[in-house]
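Colleague: Quick one: this structure, given as C-alpha cells, is what I'll be asking you about.
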There are 2 protein chains.
Amino acid sequence: MGVVSLFSVAPEGSITSPKGFQAGGLHCGLKKTNRNDLGAIVCEVPAVAAAVYTTNVFQAAPLKVTRESIASSGRKLRAIVVNSGNANACTGQQGEADAYAMRAAAAKAFGLGEHEVAVASTGVIGELLPMDRVAGGIAGLPAVLAEGNDGAEQFCQAILTTDLVKKEVCVRLAVDGREVLIAGAAKGSGMIHPNMATMLAFMTTDAAVEPQALQQLLGATTDVTFNMITVDGDTSTNDMLVAMASGLAENRPLAPGHPDWEAFAAAFRHVCENLAQAIARDGEGATRLVEVTVEGAVTDESARAIAKTVIGSSLVKSAVFGADANWGRIIAAVGRAGEPVNPETVDISLGDIVVLTGSRPIPFDEEEALVYLQGDTVAIHVALHNGKGSATAWGCDLTYDYVRINAAYRT
Amino acid sequence: MGVVSLFSVAPEGSITSPKGFQAGGLHCGLKKTNRNDLGAIVCEVPAVAAAVYTTNVFQAAPLKVTRESIASSGRKLRAIVVNSGNANACTGQQGEADAYAMRAAAAKAFGLGEHEVAVASTGVIGELLPMDRVAGGIAGLPAVLAEGNDGAEQFCQAILTTDLVKKEVCVRLAVDGREVLIAGAAKGSGMIHPNMATMLAFMTTDAAVEPQALQQLLGATTDVTFNMITVDGDTSTNDMLVAMASGLAENRPLAPGHPDWEAFAAAFRHVCENLAQAIARDGEGATRLVEVTVEGAVTDESARAIAKTVIGSSLVKSAVFGADANWGRIIAAVGRAGEPVNPETVDISLGDIVVLTGSRPIPFDEEEALVYLQGDTVAIHVALHNGKGSATAWGCDLTYDYVRINAAYRT
C-alpha cells in the first residue's frame, strides 16, 4: 500500500473546512497599510490542542501566554487570536501584561474562558502593542468570523507580513470509515522595522485525537518538516505552531495503535511538509525552492544535520541563484557539518544529473545542468554510503533581493 | 604593564624580515591572467615548524603532504611551496601523487630533503594540477627568491585569488634582550571556478622556539583569531596555517616559563589577529569590518559560540550593509546560539551607542547610529551579565556584491 492511498489533497479546502472551525481577520491599525493585521480561529467545541515553540532563549510574551493556556485548560483550546505588525517581543512586563490582555479581550469577545484562548504575534520587535487598537480590533472579530473559505482567507491575510503569497493546505482521509479533514495555514519570513523571519503556523482538524498523541505527533512531525527549513538560519523569538482537533468527525480518538493512526500521521505530515515547503519557497528574495536530500548517513539525526548545513550554506544558496552547478560548495558544506562522513564515498546529484561519484567529479553536460538549475525547484541529492540515516531539508536561493529587503534602512 | 609595551608593529616589515627567510613568487600558468600563481618561503636553516589545518572532513591533498612532512622531520621545515588557481582538492590518488610531486620538485630545486618542504594550494576544486606548468614554475623559483621586501611582495601576490588586497603584518619585540621579529602573510576569500573561501596563512619568526611550545601557541592563538572570523560560514577543504621559527635571533628557546614567553605570545597573537581582521575586512563583497565582542558569558567558549553566531547571521550582516541599527536581529542571534543566556539581562551597544539594557530597548539617536554604521568598522558589543567568559569575533557585511560574486555563472 503506497502512501498515496492513505489520504488525498482537498484543493478547495481551508482551515475552516474541518468541522467546527470558523476564522476571520480584519485591519485594526497595526500595519501602516490597510491590510489585515488581526485574526482568529474559533472552534465551536473545546478542541484538543498541541503546540511547539521557538527554541530561541528570547521568547516573546504571547508564547508564555499560549503555553499557560494549554497547560491550564487540560490541553484544550477554543480560540487562537493572532496579530501581525508587532511581535510583542523584548517588551518586558508591559508586553506580558499586554499579551494577557489580548487573551482576556478575546475570551470576552467570544464568550470563552481565558485559558481556552491562545495568543500569537509577529512583526516589529521591541515596541509595545498599541492596546487600544488591538482591543478595538478584537471586539470586532466576532462579527467577521465565518465558516467558509472567506473567513479562512481573511485570517490568512491577517497573519502575513511581507510574505508574497498565503500558505494554506487541506487534506482528507478516512478514520473509522468517517471523513476527516486536516488543514493548516502558515506565514513565513517577512521584513518589518526591526525584524527577523518569524514562522507562525496553525492547524485544524475535525478528527478526535488523544491530547498526548497529538502533542507527540506535532513534535515529531515538526522535527522533519518545519525544523528542516531554513531561509537564513535565523530563529525567531516568536515562532509558534498550534494544532487544534475538534473531534466533530466523531471517530474513535486517534492514538498510536488505532488502525488509522498511520494514515492520520501521514496526512498530518503532508500538511506540515507542504506548509514548510511553501515557507521556504516564499523566503525573502527567493527565486526557487531548494530541496536537499541526504541518505546513507550514520543516523537520521546525522543526515538532518548535514542536510541543514548544505541548505544553509550561503555559497550553495548563491550558486543556486546563479544556476551554477557548483558541487565543490556542496561537498565542502557536507564536510564541515561535524558529522561522520567517509571522504571517499560521497555521490552528489543535481536532479538527475550526477556530478560526483565516490567523491570524484563526473563530467556532465553544463548546458543541461544550467537548464535544470534555472527551474522552479532544485533538488540536491547527497548519498554518503556510510549508513542508513536519511533526511530532507528545504530552503531557497540567496539573491540580490534578500540583501535589498534586509539591508533597507528602516523607514 | 600594558600590552602595548610588550611589542611594537614594524610597518616596514614583511615575512622576509625575520632573519633567515627568503621568499618569492612567479606566474607559471595556473591563473588565466599573468598574475603570480606560485610562490615559496625558504629558510636558510631548519626552522621549527607548527601547523593547523581545516576541520573539514574533505581535506585537500597538500594538507596530507604538509602534515607528513612536519611529522617526519621532527617538526622542522626549510621551505613552503604554495600555488593558487587550483586547490588540488577532490582529486583522488592522482591529486595526492601530484602534491607529493610538488614537494619533491621543490626539494630538488632548493636542494632540501623532501620532508623539509610543506605544500599548500588554493583555487579550483576537482581539477587536476597541470603538473608540467607547476614543475616548470618550481624549477624557476630559486632564481626569484629574495631576502628583501620584494620577495615577500611577490610571494604575497602569488597566494591571492580574488582578494582585493594583500595581507601582511610584522611586529618586533625583545627576547633575552635580543630583537625578535614575527611576521605573517595570508590570503582570504576569493571566487574561482568552482570555489569556496580558502584561508591560507604563513608566519615567520627568527625567534628560537621549542617545537611543542610553538605548536601549542599556534593552536591556542588560532582559536581566538583565525577561528573567530567568518565571511559566510563555509569552511574550506584547503585552509592551512603554517609557522616557521628560524632561531637566528639566538635567544634561549622560548617556551612557557621563559621570562619573555608572554610577550612573545602577545606579539604572535597580534600578528594572527591582524591577519584575521584583514581577511574579514576583505571578505567577498564586504564594505566594512564587523567586530562582535561578547562578555559576561558563562565561559570563554560559550562567549565564542555566541560571538560567532552573531557575526555569522545573514540578517545582522545585511543590516550592517544597510547601516540599520537593527538590534532585534542581534538579540535573536544571541538567543539562538544554544548557549546559556539570561533573557532579562542583556545589554547591546553599537560602538558607543547603547541600544539595549537589561534586554529592553533604549531610545537612541537614529541619525548618530546611521553615521556610525556607515563607518569603516562596526563594533557590536554584547554584555550578558551571566559570568566571566568573553570573546571577540570578526566578519563583514552581506552585500549585493557577495551575491554577485558567488552567483556568477562559472565562465
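The values are calculated or read from the model by the stated rules, or taken from the named source; none is laboratory data. The model shown is predicted, which means the values in this text are computed figures rather than measured ones. Cβ atoms come from the backbone with ideal geometry, glycine included; neighbour counts cover every protein chain shown.
Colleague: Just the residues that are more than 8 Å from every other protein chain (Cβ to nearest Cβ) and among the hydrophobic types (A, V, I, L, M, F, W, C), please, taken from segment A:310-324.
Modeller: Passing the criteria: A:V310, A:I311, A:V316, A:V320.
Colleague: With respect to A:T287, is the statement that it is farther than 24 Å from A:Y400 by Cα, within 14 Å of chain B (Cβ to nearest Cβ) and touching a Phe, Trp or Tyr at 6+ places or on another chain (Cβ under 7 Å) true?
Modeller: no
Colleague: For the structure I just gave you, tell me whether B:I348 is β-branched (V, I, T), modelled with pLDDT of 95 or more and farther than 22 Å from B:Q374 by Cα.
Modeller: So B:I348 fails the test.
Colleague: Output yes when any residue across segment A:53-74 is crowded, with 18+ Cβ neighbours inside 10 Å, touching a residue at least 40 places away in the same chain (Cβ under 8 Å), closer than 19 Å to A:A249 by Cα and in contact with a helix residue (DSSP H, G or I) (Cβ under 6 Å, 6 or more places away or on another chain), and no when none is.
Modeller: Checked segment A:53-74: no residue is crowded, with 18+ Cβ neighbours inside 10 Å, touching a residue at least 40 places away in the same chain (Cβ under 8 Å), closer than 19 Å to A:A249 by Cα and in contact with a helix residue (DSSP H, G or I) (Cβ under 6 Å, 6 or more places away or on another chain).
Colleague: Could you tell me whether any residue of segment A:45-52 is in contact (Cβ under 8 Å) with a residue 40 or more places away in the chain, in a loop (DSSP other than H, G, I, E, B) and in the same structural domain as A:A201 (by TED's automatic domain parsing)?
Modeller: No: segment A:45-52 contains no residue that is in contact (Cβ under 8 Å) with a residue 40 or more places away in the chain, in a loop (DSSP other than H, G, I, E, B) and in the same structural domain as A:A201 (by TED's automatic domain parsing).
Colleague: If B:D132 meets every condition in (1) closer than 18 Å to B:D239 by Cα; (2) surrounded by fewer than 22 Cβ atoms within 10 Å (Cβ to Cβ); (3) more than 15 Å from the chain's Cα centre (by Cα) apart from one, which number is that one?
Modeller: So the condition that B:D132 fails would be (1).
Colleague: Also, quick follow-up: Just the residues that are touching a strand residue (DSSP E or B) at 6+ places or on another chain (Cβ under 9 Å), within 22 Å of A:A393 (Cβ to Cβ) and of a type in the set (S, T, N, Q), please, taken from segment A:206-224.
Modeller: Scanning segment A:206-224 gives a single hit, A:T222.
Colleague: Continuing with this model, one more query. When you go through (1) over 24 Å from B:R404 (Cβ atoms); (2) facing chain B (nearest Cβ under 8 Å) one by one for A:I348, which number turns out not to apply?
Modeller: Only one criterion is unmet by A:I348, namely (2).
Colleague: In segment B:210-224, is there at least one residue being polar (S, T, N, Q), within 16 Å of B:Y53 (Cβ to Cβ) and under 12 Å from the mean Cα position of the chain (by Cα)?
Modeller: Among the residues of segment B:210-224, at least one is polar (S, T, N, Q), within 16 Å of B:Y53 (Cβ to Cβ) and under 12 Å from the mean Cα position of the chain (by Cα), which makes the answer yes.
Colleague: In addition: Going through segment A:158-169 one residue at a time, which ones are surrounded by fewer than 21 Cβ atoms within 10 Å (Cβ to Cβ) and farther than 29 Å from B:P361 by Cβ?
Modeller: Hits for segment A:158-169 are A:L164, A:V165, A:K166.
Colleague: Quick one: how many residues across segment B:351-365 are within 8 Å of chain A (Cβ to nearest Cβ) and either touching a Leu at 6+ places or on another chain (Cβ under 6 Å) or of a type outside the set (S, T, N, Q) (or both)?
Modeller: Qualifying residue count for the region: 3.
Colleague: Now for a separate question. Is it true that B:G338 is modelled with pLDDT under 90 and surrounded by fewer than 23 Cβ atoms within 10 Å (Cβ to Cβ)?
Modeller: yes
Colleague: Moving on. Can B:A297 be described as touching an Asp or Glu at 6+ places or on another chain (Cβ under 6 Å) and away from every other protein chain (no Cβ under 12 Å)?
Modeller: No: the conditions fail for B:A297.
Colleague: Within the bounds of segment A:377-386, is there any residue that is closer than 23 Å to A:G285 by Cβ and within 12 Å of chain B (Cβ to nearest Cβ)?
Modeller: No, segment A:377-386 contains no residue that is closer than 23 Å to A:G285 by Cβ and within 12 Å of chain B (Cβ to nearest Cβ).
Colleague: Among the listed residues A:E295, A:E367, identify the single one that is more than 27 Å from the chain's Cα centre (by Cα) and either free of Cβ contacts under 8 Å to residues at least 40 places away in the same chain or not assigned by TED's automatic domain parsing to the domain that holds A:A276 (or both).
Modeller: A:E367
Colleague: Additional query: Can you tell me which of (1) more than 14 Å from chain A (Cβ to nearest Cβ); (2) farther than 20 Å from B:Q22 by Cβ is the one B:L128 doesn't meet?
Modeller: In the conditions (1) more than 14 Å from chain A (Cβ to nearest Cβ); (2) farther than 20 Å from B:Q22 by Cβ, B:L128 misses (1) alone.
Residue-wise test of (1) surrounded by fewer than 19 Cβ atoms within 10 Å (Cβ to Cβ); (2) more than 14 Å from chain B (Cβ to nearest Cβ); (3) under 19 Å from A:A120 (Cβ atoms).
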site: A:L214; (1), (2), (3): no, yes, yes
site: A:L217; (1), (2), (3): no, yes, no
site: A:T225; (1), (2), (3): no, yes, yes
site: A:S236; (1), (2), (3): no, no, yes
site: A:M240; (1), (2), (3): no, yes, yes
site: A:A243; (1), (2), (3): no, yes, yes
site: A:L248; (1), (2), (3): no, yes, no
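Colleague: Please state which of the following conditions A:G39 fails to meet, knowing it meets all the rest: (1) of a type outside the set (S, T, N, Q); (2) closer than 18 Å to A:A146 by Cα; (3) within 14 Å of chain B (Cβ to nearest Cβ).
Modeller: (3)
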